[in-house]
Amino acid sequence: MADQPRAGFPFSSASSGEPSAAPGQVTTTAGSGFPGMSPALPVTALSASETVAHVTRPRAAGTRTTSPRAVAAAPAVSPAVNPGTRRKGGDTLWERVRFEVTDAVTSGALSERLIRASADVEAPITTGRRIVVLGTAGGAGTTTVTAVLAKLLGSIRQESVMAVDATDQSGMLLQRLGTATAAPLSVLIQQFRTQPVRTLPDATANAAACGNQVFAAARTDVRAMADSPVPLAEWTDVSSTLSRFMAVTVVDAGASPLSRHAGALLETAHAVVLVSPPGEERALPGGDRALRLESVRNTLAEAFPNVQQVAVTVHSRQQMHSRLEGRNPAGNLLPFDRHLAGGGALQLSRLGSRTRIAATEAVGRALLAANRA
């Protein structure tokens with residue numbers, strides 16, 4: 001998809017700035033590896049409750065791997081966790097036992113799902129992909145999904161990933177990614193507009209390193225609840241520049257899918273992940289929280305026909321997961337997970353087994369959708 005902005009849905013007032021073309025020229029391909037494991041370690045057996053080994057895939061013609069310095073430029077950063085506080089894992093003891101038994105009875109079917117999902121995440125790409133995460137209601141889990149997408153993409157692909165919190169001061173993406181470093185997006189935009197950006201260190205000089213090959217920036221200088229959409233011209237420039245050095249850019253766009261702010265971010269997106277709470281697709285009209293998922297999808301499809309859509313539902317209650325799991329043949333549910341529900345810094349090693357599978361499948365669908373754009 002070209003980096004030229006596309007026509008979006010009509011807004012009540014015009015977006016600020018004029019779009020400017022800044023075509024990206026990077027050619028990247030998927031790396032290898034799997035979260036929490038070194039790509040150099042051979043794997044001789046699969047464990048149902050642990051991370052499954054990475055899958056090596058042939059590289060498509062005309063693609064190249066990321067420069068070694070791209071990997072070296074992202075030092076491992078341990079999330080800031082209070083030493084006196086023991087973080088809970090995603091699974092309870094009963095859930096771990098149930099997973100092991102189910103995997104054994106089904107001859108490793110759950111482990112096979114994880115291997116296939118990881119292969120989708122490792123799919124070759126020719127240019128940097130841009131994925132926008134939008135919530136259809138406040139509290140749907142947009143920031144959590146953005147953090148999971150960024151961490152899994154960086155860990156599995158072993159390529160640089162940029163996570164952008166495009167909301168405001170109230171955004172929690174940087175904390176969820178485990179960094180206390182302030183990385184204002186406005187500083188990054190100013191650098192890209194006034195200084196040459198020739199290498200990955202140049203592109204990440206004003207971004208926070210979050211580990212797992214993930215870098216991040218946020219609109220920390222925008223007051224909470226302020227009606228301040230990102231300028232279209234500025235976002236077009238910065239997103240095009242990031243695509244030259246990042247395999248994937250993941251953007252937390254907040255929970256206003258039909259706003260001018262969301263429209264500016266979607267202008268240069270390849271795919272959008274729509275996050276909704278359970279049951280919202282059956283809600284009646286009557287407010288922001290009652291926007292039906294299907295209605296939002298149809299509106300965005302008309303306004304941005306080239307942006308591929310992926311739907312994800314995040315469960316916040318364990319009983320809702322067990323009750324609704326059988327009603328979702330498409331597999332777009334992210335099950336309840338104690339680690340995700342606890343807030344704080346995301347640690348992939350503490351995700352529950354079923355959560356790891358569902359999240360990896362969601363990341364694979366999002367990347368495949370972005371590749372189709």
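Bear in mind these aren't lab numbers, they're just calculated from the coordinates by the rules spelled out. Here the structure is a predicted model, which is why all the values come from computation and not from measurement. As a convention, Cβ positions derive from the backbone with ideal geometry for all residues, glycine included, and neighbour counts pool all protein chains shown.
Sort the following peptides by mean Cβ neighbour count (other Cβ atoms within 10 Å, averaged over residues), highest first: 253-259, 355-361.
355-361, 253-259
Taking the highest mean first, how do the peptides 243-250, 295-302 order by number of other beta carbon atoms within 10 angstrom per residue?
Descending mean neighbour count gives 243-250, 295-302.
So how far apart, in nm, are the two label points at ARG372 and GLN190 if each is 7 Å from Cα heading toward Cβ?
In this crude spin-label approximation the distance works out to 4.2 nm.
With a Förster radius of 22 Å, plug the Cβ-Cβ distance of ASP202 and ALA180 into 1/(1 + (r/R0)^6) and report the FRET value to the nearest 0.05.
After rounding to 0.05, the efficiency reads 0.40.
How much space per residue, in cubic angstrom, does the convex hull of the C-alpha atoms of segment 195-254 take up?
Considering the Cα atoms of segment 195-254, their hull volume per residue is 110 Å³.
Packing-wise, with mean Cβ within 10 Å as the measure, how do 113-120, 191-198 rank, highest first?
Highest-to-lowest ranking by the protection proxy: 113-120, 191-198.
According to the square roots a ≥ b ≥ c of the eigenvalues of the Cα gyration tensor, what is the shape class of segment 100-242, taking rounded for a/c under 1.5, prolate for a/b larger than b/c otherwise, and oblate for the remainder?
Taking the square roots of the gyration eigenvalues as a ≥ b ≥ c, segment 100-242 is prolate.
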